[in-house]
Amino acid sequence: MVKYQPFGPNTEEETKAHISRAIARQEESPRTFYDFAIVRKSDNKLIGECSINITNAGNKEAMLGYLLNRKDWNQGYITEATRKIIAFGFEQLGLHRIIASCDPANTGSYRVMEKSGMQREGYLREERMFKGVWRDFLLYSILEKDWQNLKNALPEKEDTENDGGREVEYLEKNQNDLDIIRPLWDKLNAHHITVSKYFKDTRAVTTFDMRKKQLMEKSYQGALRIDLARDAVTKEYIGYCVTSVDPEKQGEIESIYVEKDYRLSGIGDSLMTRALAWLETVTVKKTILGVAEGNEGVFAFYRRHNFYPRVTVLMHRPELGAKTEQ
């Protein structure tokens, strides 16, 4: 519950002191900090908290925060609470901008922000020290005009707020570790062969060793990074993202894949976020990716990370037309 927080686990005395501070802040004038308890309606049980802190009154900016009992994850409580706090900030406090931040490894937290209409603004490297370790942070924000456009379209409640309850480890590797992804790449290639209507023949003859050679050559000319997701219990690799930078400073998401049983749990989002954060640190001019013919269903995933189709390139295959006529 407090893995990504600078405090905790708290003692009973520390918790009482926290509550006392929250009560005292109600009497401050002008008031800048608002604390709210998250109480489950079914049994009136306290399960978490949510807060909003006016950090710049002149610019009408505030920061929100939230905390939820781990046993109550995946039920939509924190997403519902966050949306209520955002609405309170804009509609009751007259704010212009609300921000929030989280550790890049905290998949559940940044998914809550995104489902609440917030947009990622940047990746802050070693932005603050937590528990003796310098930590990176993702920065998110939402403007009042964004909220006005979104509030009627957002559902009241959603589930799957974290990684589906699974403990997932994320590792960073380089071109020397490409063989790790071989089993997963083979599954991705098999998928492309299945869904591709016009190019399954060319994909069928493409081997991992051929692809590995291409990526190694690219790494020698520029840079290559592999982000891996691993089941913390079984230690099996369950997903990866390969990212490259060429000599012209063009970044590319070369390949990304998550095992079927682990999808829809934010792992792909976390891998992509890590890859894009790395590209920001090496200052690429632009970032591209390719989508295989027949796999257009992934567009929605890429749009969440601000990728949009620019041009569609068609390849002439007259022999396929001849086969159709026969």
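The values are calculated or read from the model by the stated rules, or taken from the named source; none is laboratory data. Keep in mind it's a predicted model, so treat the numbers as computed, not measured. As a convention, Cβ positions derive from the backbone with ideal geometry for all residues, glycine included, and neighbour counts pool all protein chains shown. Accessible surface areas use protein heavy atoms only, side chains included; no ligands, DNA or RNA. Shrake-Rupley method; radii C 1.70, N 1.55, O 1.52, S 1.80 Å.
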The chain - charge dipole about Cα centre, Lys and Arg +1 at Cβ, Asp and Glu -1, debye rounded to 20: 360 debye
With the radius of gyration and the Kirkwood radius both derived from the Cα set of the range 1-151, what is their ratio Rg to Rh? 0.95
Select from A100, T283, Y77 the residue farthest towards the positive end of the dipole of the chain; place +1 on Cβ of Lys and Arg, -1 on Cβ of Asp and Glu, and compute about the Cα centre. T283
Please compute the length gained on full extension between R70 and E259, using 0.36 nm multiplied by the number of residues separating them and subtracting their Cα-Cα distance. 65.6 nm
Kindly provide the trypsin sites (Lys or Arg not before Pro) of the range 234-267 that DSSP labels as loop, not H, G, I, E or B, and whose Cβ sees at most 15 other Cβ atoms within 10 Å. K235, K249, R263
Which value results when the Cα radius of gyration for the range 34-102 is divided by 2.2 N^0.38 Å? 1.16
Of W134, W185, W73, the one that fluctuates the most in a GNM where the chain has Cα springs shorter than 10 Å: W134
Taking only protein heavy atoms and a 1.4 Å probe, what accessible area per residue, in Å², does the chain have with all protein chains in place? 57 Å²
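For Q119 and E319, what does the FRET efficiency come to when R0 = 41 Å and r is the distance between their Cβ atoms, rounded to the nearest 0.05? Before the final figure, lay out each step's value.
On the way: r = 46 Å, r/R0 = 1.13.
Step by step, r from the Cβ atoms, then E = 0.35.
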Of the accessible area of the chain, computed with a 1.4 Å probe and all protein chains kept, carbon and sulfur make up a percent value of 50 percent
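With a Förster radius of 45 Å, plug the Cβ-Cβ distance of E169 and R40 into 1/(1 + (r/R0)^6) and report the FRET value to the nearest 0.05. Let's see the in-between values first.
On the way: r = 31 Å, r/R0 = 0.68.
Efficiency computed from Cβ-Cβ geometry: 0.90.
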Pull out a ≥ b ≥ c, the square roots of the eigenvalues of the alpha-carbon gyration tensor of the range 195-314, then state rounded if a/c is under 1.5, prolate if not and a/b is larger than b/c, and oblate in the remaining case. rounded
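Report the Rg/Rh value for the chain, based on alpha-carbon coordinates and the Kirkwood definition of Rh. Walk me through the numbers on the way to the answer.
Working: Rg = 23.0 Å, Rh = 22.3 Å.
Result for the chain is an Rg/Rh of 1.03.
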Nearby lysines by direct alpha-carbon distance to K84 (threshold 27 angstrom, same-chain neighbours under 8 apart not counted): K3, K16, K41, K45, K60, K71, K115, K145, K151, K157
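Restricting to bridges with both residues inside the chain, how much of the DSSP beta-bridge set is antiparallel, in percent to the nearest 5?
Working: 51 of 58 bridges.
Close to 90 percent.
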GNM result for the chain, Cα springs below 10 Å: residue of M113, M63, M129 fluctuating most strongly: M129
